[in-house]
1. In region 222-259, which residue that is in contact with a helix residue (DSSP H, G or I) (Cβ under 7 Å, 6 or more places away or on another chain) and touching a residue at least 12 places away in the same chain (Cβ under 8 Å) is nearest to ALA306 (Cα to Cα)?
2. Using the structure shown, decide if GLY156 is at pLDDT below 95, in a helix (DSSP H, G or I), more than 16 Å from the chain's Cα centre (by Cα) and surrounded by 12 or more Cβ atoms within 10 Å (Cβ to Cβ).
3. Sort out which residues of region 107-126 are open to solvent by 40 Å² or more (accessible area, probe 1.4 Å), in contact (Cβ under 8 Å) with a residue 40 or more places away in the chain and outside any strand (DSSP E or B), and write them in order of number.
4. Only helices (runs of 4 or more DSSP H) wholly contained in region 173-262 count here; list those with 1 or more residues that are under 28 Å from ALA297 (Cα atoms), out of contact with any Ser or Thr (no Cβ under 9 Å at 6 or more places or on another chain) and not polar (S, T, N, Q).
5. Give region 261-274 a look and list any residue that's within 13 Å of SER249 (Cα to Cα) and either under 34 Å from the mean Cα position of the chain (by Cα) or of a type outside the set (A, V, I, L, M) (or both), or say none.
6. Could you list, in sequence order, the residues of region 178-218 that are without any contact (Cβ under 8 Å) to a residue 40 or more places away in the chain, surrounded by 13 or more Cβ atoms within 10 Å (Cβ to Cβ) and touching a Phe, Trp or Tyr at 6+ places or on another chain (Cβ under 6 Å)?
7. Only one of (1) within 19 Å of ALA46 (Cβ to Cβ); (2) touching a strand residue (DSSP E or B) at 6+ places or on another chain (Cβ under 7 Å); (3) open to solvent by 50 Å² or more (accessible area, probe 1.4 Å) is not met by VAL85, so which one is it?
8. Look through region 250-276, keep the residues that are of a type in the set (S, T, N, Q) and open to solvent by less than 60 Å² (accessible area, probe 1.4 Å), and return whichever of them is modelled with the highest pLDDT.
Amino acid sequence: MGYVRGVNASSPGRIVLLTTSHRVAPGLLSWPAWQALHDADRVLCADGAHPQLPYLREAGVKVDEAAPTAEELVDACAGGHTVTVVATGEGEPQLTDGLARLAGSGRVQMPDLELLPASYDLPGARLLDLVQVMDRIRAECPWSSQQTHKGLAKYGIEEAYELVEAIEEGDRHELREELGDVLLQVVFHARIAEEDPEEPFSVDDVAATIVTKLIHRHPHVFGDETATTPEEVKAHWLRTKAAEKQRTSVTEGVPLGQPGLALAAKLASRVRTAGLEVPIPQGEGVGYELLAMAARAEAEGVDPEAALRAAARAYRDAIRATEGSE
């Protein structure tokens, strides 16, 4: 690069390592970052295709495409110069490692080194990575590229059950992983939906739909309504939901494919919430007995599905204890 050590060797200068997030639109940099770019004696970037470069040059910042070694960069700062390095996506590990070795050797008067984040990830920014990864997998993976909504349906059910199990077991590590697996199902289905020739939609449309729904059903947060108790919140939710759906029966929207106890409890909940007087059907067999028990549990505020799972886990432990004692 032809760097020459400055005349005033007593002033080692300054290195500014400028990092940016690819999850934020190029050109949206912090004010300290723009100051560092304009005040620098030289601005360097090893990647000539860096997405920030067109915006920097448009703002009047001269950027040299160069990848100096640690020694060359130190020499360029000698004499009190400031060199700002626009880091590539990898964060310049080779350069920073080289600078660390020089500093540790004690043989070189090191410039001041500043790590300056020019843009930050907003909450939820990693979701953009998930969308990009899913897009590539859908395009390049022989298995994923052939999947359909119907073909993936069983995995959605499995992942939901695994999430519930992680919650009930109280395993934080498993909870985090299972939440990711459920999220994957959402993104996967949304990616498939983009290819529909008649009614395509994307993950952004999915997010927009739920955002609109949440805002509409929380008038006590985003509107003029007032709610100070969970019961009042639920009342708001039910009123707005009823207005949206315009259903002719309280049973509409109750999926019949869910587990039997959960289905019975959900129907009982709809009846109770609507203030209807519907007697539990009488009949022979364990099915009617379970229906009555599920309705009673719901009325008492007990989730019969969760209660049965807890009892089943106790039964499993008893089985294992018996097996271990033999």
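The values are calculated or read from the model by the stated rules, or taken from the named source; none is laboratory data. All of these numbers come straight from a predicted model, not from anything done at the bench. As a convention, Cβ positions derive from the backbone with ideal geometry for all residues, glycine included, and neighbour counts pool all protein chains shown. For accessibility, only protein heavy atoms count, side chains too; no ligands or nucleic acids. Shrake-Rupley method; radii C 1.70, N 1.55, O 1.52, S 1.80 Å.
1. PRO259
2. Values: at pLDDT below 95: yes; in a helix (DSSP H, G or I): yes; more than 16 Å from the chain's Cα centre (by Cα): yes; surrounded by 12 or more Cβ atoms within 10 Å (Cβ to Cβ): yes.
In short, yes.
3. Correct list: GLN109, MET110, TYR120, ASP121, LEU122, ARG126.
4. Numbers: elements: 203-216, 219-222, 230-245.
Here the list reads 230-245.
5. Pass one, region 261-274, residues within 13 Å of SER249 (Cα to Cα): 267, 270-271, 273-274.
Result: LEU267, ARG270, THR273.
6. Listed by number, the list holds a single entry, ARG217.
7. Among (1) within 19 Å of ALA46 (Cβ to Cβ); (2) touching a strand residue (DSSP E or B) at 6+ places or on another chain (Cβ under 7 Å); (3) open to solvent by 50 Å² or more (accessible area, probe 1.4 Å), the lone unmet condition for VAL85 is (3).
8. Applying the first criterion (of a type in the set (S, T, N, Q)) to region 250-276 yields 251, 258, 269, 273.
The next check asks that each one be open to solvent by less than 60 Å² (accessible area, probe 1.4 Å); those that pass are 258, 269.
On the way: GLN258: 87, SER269: 90.
Per the criteria, the residue is SER269.
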